[in-house]
Amino acid sequence: MPTKEKTKETPRRVVAKKEPKKKTIAPKIEERAEPVQDSSPVKAGGDLSVYDGRYYYGLGRRKTAVAQVRLFTKGLEKKFLVNGVECKTYFKLPRFVHEAESPLKVMKAVGKFAVEAKVNGGGVSSQAGAVRLGIARALVEFNKEFRKRLRRQGYLTRDPRMVERKKYGLKKARKAPQWSKR
């Protein structure tokens, strides 16, 4: 049989030169086209800037859920939207709706703000807790005097409880496999 001779040359890599990216300058706000008049309060892309006027921002976290909350003082309607859906239809269960609205009820500001929240991650319960913390922080940004009442109710404290991580050799965080003698 004929043997193949091995060559010691390694193929060379050809690296193409990259052209530098051209910098694009975003137009100033004054130069942009007039705002889109959309019937839905939150656009599909998650843009929360439909309402006119100033808004107050609060970020809430609970377990793995993160909520970006905006309170609008002037608005089209005084609604409470979570991910573009009315709060009562998004959370479904009354206890989650009550938990999310509770900072507004304590401050007696239920119909005074248009609330929009964008929530990611976690389950429904942790999302409601994240929205609650976000609303409480936004209310404190609106008026510093609200801080004392919200702190007394426990709405400004982030719940630190998280799911414990799984350890090697175990089925879950602490659950061990079934022991057998032989």
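The numbers here are math on the coordinates, done by the rules we state, and not lab data. Not measured: the values here are computed from a predicted model. Note that we place each Cβ from the backbone using ideal geometry, even for glycine, and neighbour counts take in every protein chain shown.
The table for this structure:
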item	result
Residues of region 54-95 classified as polar (S, T, N, Q) and surrounded by 18 or more Cβ atoms within 10 Å (Cβ to Cβ), total	1
Matching strands (runs of 3 or more DSSP E) fully within region 52-133 where at least 2 residues are under 30 Å from Glu164 (Cα atoms) and touching a strand residue (DSSP E or B) at 6+ places or on another chain (Cβ under 6 Å)	55-62, 65-72, 114-120
Within region 134-175, considering residues that are among the aliphatic types (A, V, I, L, M) and in a helix (DSSP H, G or I), the one surrounded by the most Cβ atoms within 10 Å (Cβ to Cβ)	Ile135
Failed item in (1) on the phi > 0 side of the Ramachandran plot; (2) surrounded by 11 or more Cβ atoms within 10 Å (Cβ to Cβ), with Gly123 passing the rest	(1)
Some residue of region 93-102 being under 22 Å from Arg61 (Cβ atoms) and under 15 Å from the mean Cα position of the chain (by Cα)	yes
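Conditions tested, residue by residue: (1) out of contact with any helix residue (DSSP H, G or I) (no Cβ under 9 Å at 6 or more places or on another chain); (2) more than 21 Å from Val66 (Cα to Cα).
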residue: Ala100; (1), (2): no, no
residue: Ala109; (1), (2): no, yes
residue: Lys118; (1), (2): yes, no
residue: Val140; (1), (2): no, no
